[in-house]
Structures are given as C-alpha cells and as structure tokens.
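What follows is one structure encoded as structure tokens, with my remarks underneath.
The values are calculated or read from the model by the stated rules, or taken from the named source; none is laboratory data. Small disclaimer: the values here were computed from a predicted structure and weren't measured. Don't worry about glycine lacking a Cβ; one is built from the backbone with ideal geometry, like all the others, and counts go over all protein chains shown. With ligands, DNA and RNA removed, areas are computed over all heavy atoms of the protein, side chains included. Shrake-Rupley method; radii C 1.70, N 1.55, O 1.52, S 1.80 Å.
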Amino acid sequence: MSALFTYLTAKLRNRWQEVRDAKDAGYSTETALVTALLVTLALVVVGIIAAKVAGKADSIDLG
C-alpha cells in the first residue's frame, strides 16, 4: 500500500508541476467565459433597446 501511495503522490506532483509550467493553460477557458459574458451582455442590451423602441413606437398617436 505504501508503494502505491508513493507512486500516486509522485504522479500527482509531476502533473501539478506540468500544469504550473504551462503559462497559457487556462487561456482558452478564460476566453470562452469572457466571450459568453459579452454575448449575454449584448443580448440584454439589445433586449432593453428593443423594449424602449417598441414602447416609444406604441406611444405614437397616428390620429
């Protein structure tokens, strides 16, 4: 059991060091999250503008 624990500990340390050495490891995840946030923000803004335009158009008295 001790040999297995030693092996797993060494393997975990090795993998952790590989992750720490990779400078751009989280770049694609960060980019995807920022893009999703910007798309959501754009949809909210478009929805607000559309509601205001529709409200203004409905308030026009045509006679």
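At what distance in nm do the modelled label points of Ala3 and Thr40 sit from each other, each positioned 7 Å from its Cα along Cα→Cβ?
If labels sit at Ala3 and Thr40, their model points lie 5.1 nm apart.
The list (1) 13.4; (2) 16.8; (3) 14.4 gives values of Kirkwood radius over Cα pairs in Å, and only one came from this structure; which label was calculated from it?
The listed entry that was calculated here is (2).
At 222 nm, what value in deg cm²/dmol follows for the chain if DSSP H runs of at least 4 each add -39500 (n - 2.57) and the sum is divided by all its residues, to the nearest 500?
-29500 deg cm²/dmol
Please report, as a whole percent, how much of the solvent-accessible surface of the chain comes from carbon and sulfur atoms (probe radius 1.4 Å).
Result for the chain: 69 percent of the exposed heavy-atom area is carbon or sulfur.
Using the heavy atoms of the protein chains alone and a 1.4 angstrom probe, what is the accessible area of the chain per residue in square angstrom?
96 Å²
Using θ = phi - 60° and the Karplus form 6.51 cos²θ - 1.76 cosθ + 1.60, what ³J(HN,Hα) does each residue of segment 14-21 get, whole Hz, x for Gly and Pro?
5, 5, 5, 5, 4, 5, 5, 6
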